[in-house]
Amino acid sequence: MTPRVALLRAINAGVALPMADLRRIAVEAGLANPRTYIASGNLLFDSPIPDAEARQLLEAGLAAHTGKPIWLTLRTGAELAALTAANPFPDHPGNRVFVTFLHADPPPDALAQARHRSDEQLALGPRAIIVHYPTGLGHSRLVIPALKAGTARNMNTVAKLAELARGS
């Protein structure tokens, strides 16, 4: 069984989904040992099936439950640990460094497409874009078009998910 983490977009910010329901949906999809971390759409589970199949099963269950499609992406605990270890902004507080997870590597020109940039620092990662917001995400006017196709977590959350996935 491979420990995985499903990162859902807009949960409890755009779509109300109790974490107990998310765990139940995972069980109904045949995923083992489902558990959640904070009420923002972070699901840890174990499964021998390929990512594409697990994602499809979860998306179908979520759509049936909510009545609308829910975007999500999957990562292994090892992938999250590697991302944490390779943090391009390690000297900054983890709650000011955000990783936007994507299904595929961002386009090479993703950062050049950024608009309204002020003091933010940007970096590309594997299937991710990492941004340091010195004054906080809520104060930024930064727009990166490639981020619309993903879901963000701060680096503290990424590190915690990596730790939890490692312990499963």
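Normalised by 2.2 N^0.38 Å, with N the number of residues, the alpha-carbon radius of gyration of segment 55-168 equals 1.11. Taking each residue as 0.36 nm, the span from Thr76 to His139 lengthens on full extension beyond its C-alpha to C-alpha distance by 19.5 nm.
Distance between the 7 Å Cα→Cβ label points at Gln121 and His103: 3.2 nm. Each residue of segment 21-31 is assigned a 3J(HN,Hα), and the resulting list reads 5, 4, 5, 5, 4, 5, 4, 5, 7, x, 8 Hz, derived from the Karplus form 6.51 cos²θ - 1.76 cosθ + 1.60 (θ = phi - 60°), x at Gly and Pro. As I understand it, the value is the acute angle between the Cα axis of helix 51-66 and the longest principal axis of the Cα atoms of the chain; what does it come to in degrees, rounded to 10? For helix 51-66, the angle is close to 80 degrees.
What full-extension length gain, to one decimal in nm, is calculated for Lys68 and Ala20 as 0.36 nm per residue of separation minus the Cα-Cα distance? Let's see the in-between values first.
Working: separation 48, 0.36 × 48 = 17.28 nm, distance 1.84 nm.
Result for the pair: 15.4 nm of gain on full extension.
Dividing the alpha-carbon radius of gyration of segment 1-115 by 2.2 N^0.38 Å (N being the number of residues), what value is obtained? All intermediate terms of the calculation are to be shown ahead of the outcome.
Values: Rg = 15.1 Å, N = 115, 2.2 N^0.38 = 13.4 Å.
For segment 1-115, the normalised Cα radius of gyration is 1.13.
No value in this document is a laboratory result; all are computed from the given coordinates. As the structure is a prediction and not an experimental result, all values here were calculated from the model. Cβ: placed from backbone, ideal geometry, glycine included. Neighbour counts: every protein chain shown.
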